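What follows draws every value from the coordinates through simple rules; no lab data is involved. Because the structure is predicted, anything quoted here is derived from the model rather than measured. Here the Cβ positions follow ideal geometry from the backbone for every residue, glycine too, while neighbour counts run over all protein chains shown.
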Amino acid sequence: MKRRFANLVFALSLSSATLAQTQQTALTVSVVGAVSQPGTYEMRSTGLTLLQVVAMSGGTQATADRTKIQVVRLKQQAAGGDLSETIKVDLDRIRKGKAKDLQLQPGDIISIPFLTKPFLKPIPKALPIPPQKDVAKVEVNKP
């Protein structure tokens, strides 16, 4: 009986050590480009989405092209190098509910590009200014 109990205690302590080691191994995703805080972020849950990671990185900058985001995902490690796939994502469509948020995987690299011509960024429609009919014309006397 004592031996079974000792084996059980040993198995539990081994399981605890394995669990602690697993928890210390960081599962991360990286964000680069037009965000407030680019960097590497730890995945604390397996259900992390692109929108959540963008929020964790402080959101996109005003000069970000949110329609051309790329997520580079490692597919498998080959003998000659890494094979990866690039997933193109439109963050604006996700925010509007027109596209599904992308589920991220450990090792994903999220690249948020800057607008190529930020000065040509569309300006929101403004209310038209009506013509001023009741404005008095002022003449200035020239000496």
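Dividing the alpha-carbon radius of gyration of segment 26-118 by 2.2 N^0.38 Å (N being the number of residues), what value is obtained?
1.07
Taking the Cα centre of segment 26-118 as origin, work out the dipole magnitude from +1 charges on Lys and Arg Cβ and -1 charges on Asp and Glu Cβ, in debye rounded to 20.
Values: 12 positive and 8 negative charges, 78 e Å.
With Lys and Arg at +1 and Asp and Glu at -1, about 380 debye.
Given labels modelled 7 Å from the Cα in the Cβ direction, how far is it in nm from ALA62 to GLU85?
3.8
Any of LYS75/LYS96; LYS75/LYS98; LYS88/LYS117 with alpha carbons more than 23 Å apart? Name them for me.
Over 23 Å Cα-Cα: LYS75/LYS96; LYS75/LYS98.
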